[in-house]
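Every number in this text was worked out from the coordinates using simple rules, so none of it is lab data. Bear in mind the structure is a predicted one, so any value in this text is a computation, not a measurement. Heads up, the Cβs are rebuilt from the backbone with ideal geometry, glycines too, and the neighbour counts pull from every protein chain shown.
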Amino acid sequence: MKIKENLNNIKSQLPAHVTLVAVSKTKPVADLMEAYNSGQRIFGENKIQEMTEKWEQMPKDIEWHMIGHVQSNKVKFMAEYVSLIHGVDSLKLLQEINKQAKKHNRIIDCLLQIHIAEEETKFGLDELELNEILTRVYEQCEAKQVQNDKSEFENIRIVGLMGMATYTENQNQIEKEFNHLKSIFDKLSKIPFTHNLKPNILSMGMSGDYQIAISCGSTMVRIGSSIFGTRN
């Protein structure tokens, strides 16, 4: 296994402003530790139970990112430690994350997932749903400042957007979808920041398309097979 070599090779290609999430789903702790000992501190998982088991066993200076689809009833199992939730695709989920974060006296960073692919199987918000959530969060924050009470989003912070391009060999299509997400992100970045709305992360790009994503403005890439080899 050339995990260290793969990791160093990818890191050498990434611009300084791009964060690497090592996608370690289905991989054993030994493989993650090899990446950890090579300097990697951010790992992405798509199953909460698996991520929690690894969190319990591994060093506590690791940032754990939940990159898969999240069911509301599972949030409680990761609320104690998760650093960033990539796939927030509903108001209900955002409210549940806030509720569980509050129990641990934490603020959990979240990315709102936007549906940009042609595949119906991928999750995500459309622009209308995105605007509805942002309006709700923003109004809550404004009301809190006026009335000096707690908002329903006191314990979350929206720090950006995430999206997945269509799984296709057509690079023009992938580029078009990433550029579309970047244009939505640029609009979001113009909104006045509040304590729970600080969009500075654009998470797009995986092993097969991260170079296109970076050229389109990605600031965070999620890479698994190019580091750890094909998934088990």
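For residues that are crowded, with 19+ Cβ neighbours inside 10 Å and over 21 Å from residue 80 (Cα atoms), tally how many sit in segment 37-54.
1
Would you point out the residue of segment 55-99, among those that are touching a Gly at 6+ places or on another chain (Cβ under 7 Å) and either in contact (Cβ under 8 Å) with a residue 40 or more places away in the chain or β-branched (Val, Ile, Thr) (or both), that is surrounded by the fewest Cβ atoms within 10 Å (Cβ to Cβ)?
The qualifying residue surrounded by the fewest Cβ atoms within 10 Å (Cβ to Cβ) is 69.
Report the residue count in segment 178-214 for those that are in a helix (DSSP H, G or I), in contact (Cβ under 8 Å) with a residue 12 or more places away in the chain, of a type outside the set (D, E, K, R) and over 23 Å from residue 43 (Cβ atoms).
The total comes to 8.
If you take the residues in segment 156-206 that are surrounded by 16 or more Cβ atoms within 10 Å (Cβ to Cβ) and of a type in the set (D, E, K, R), which one is nearest to residue 219 (Cα to Cα)?
182
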